[in-house]
1. As a footprinting exposure proxy, order 243, 153 by other Cβ within 10 Å, with the fewest listed first.
2. Structure shown: which of 2/235; 86/274; 15/186 lie over 30 Å apart, alpha-carbon to alpha-carbon?
3. Just to verify a number: FRET efficiency for residue 70 and residue 275, C-beta to C-beta distance, R0 = 45 Å, to 0.05?
4. Per residue of the chain, what 222 nm ellipticity follows from adding -39500 (n - 2.57) for every DSSP H run with n ≥ 4, rounded to the nearest 500?
5. Kindly put 224, 10 in sequence by how many other C-beta atoms sit within 10 Å of each C-beta, fewest to most.
6. If you build a Gaussian network model of the chain, linking Cα atoms that sit under 10 Å apart, which residue out of 161, 179, 139 swings the most?
7. How long are the semi-axes of the equivalent ellipsoid of the stretch 234-275, defined as square roots of 5 times the Cα gyration tensor eigenvalues? Whole Å, largest first.
8. When the convex hull of the Cα atoms of the chain is projected onto a plane and the area is averaged over all directions, what value comes out in nm²?
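Where a number appears in this text, it was derived from the coordinates with a stated rule and is not lab data. Please read all numbers here as calculations on a predicted model, not as lab measurements. Quick reminder, even Gly has a Cβ in these numbers, built from the backbone with ideal geometry, and neighbours come from all protein chains shown.
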Amino acid sequence: MKIGAMIESFKMDFKQAAAAAKKAGADGVQVYAAGTVNTDMTSAELAEVKRILSGEGLEVSALCGDFGCRMFYRPAESRDLIEREKRVMAIAKELGTNIVTTHIGVVPEEENCPQYESMHLVCRELADFADSMEGKFAVETGPERAELLKGFLDGLGSRGVSVNLDPANLVMCAGDDPVRAVQTLKDYIVHTHAKDGVQNYFVDTRRIYAAEYYGVEPAPEGSFTEVPLGEGNVKWEEYIAALKSIGYNGYLTIERECGEDPARDIRTAAAFLKKLI
């Protein structure tokens, strides 16, 4: 397995963050497609991104094409976002990766409802587009338990759909076991996040990820806490062993969304992971 880092987690400009990722011991970086890398960038700007990463000896583990979940619930109003997601997949290929990750909202337990139907429609379109260019449209875990997500993905019937497994989101939000999730989603996992956290109390995840689209009150802050790697409820030795058992050899991409010194936390996390893999 390889060590990656979310480049935006460093909270530096792109060139400084790339250098910091290399210094932390990363082999590659995941990049949001809404900053230095974006859907309006010119060929010259794309070439500069490639030059910076190449200079640090880094590859792109995946792009993050997360533009909110409106497109998955209100597709008729969201053709601009759907086409933007497709453009991200094309940029990903130019940067040397075939993986684009995103959140899609919360898969309903009931299939016969408008939310399920619209999510299925858009995810099938994006998954088929990814497949047409030998890419992977990777849904991030966390909003629902792994078994429910697997059923939804199975129903798409597309080779272009996959999973970005975030063990912390499963722990913090869905209250699920990441070790078991690896076995459940093993046929879909193409990228993973390395993040840790604790669930302080359970909240309906629709209130966290998609309150507007389910007509529920947004969740109050405090139901979960992100913490440095190894300090939360992810059982890392068991989790890494589970990934090895399914033959996963891709990226463990460190994501640090808070903290006073994220660069330090990422360096510590990389050292922690290297001991395990």
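1. The order, fewest Cβ neighbours first, is 153, 243.
2. As for pairs spanning more than 30 Å Cα to Cα, those are 86/274; 15/186.
3. Rounded to the nearest 0.05, the efficiency is 0.65.
4. That calculation yields -12500 deg cm²/dmol at 222 nm.
5. 10, 224
6. So, out of 161, 179, 139, the one fluctuating most is 179.
7. One finds semi-axes of 23, 10, 9 Å for the stretch 234-275.
8. 13.4
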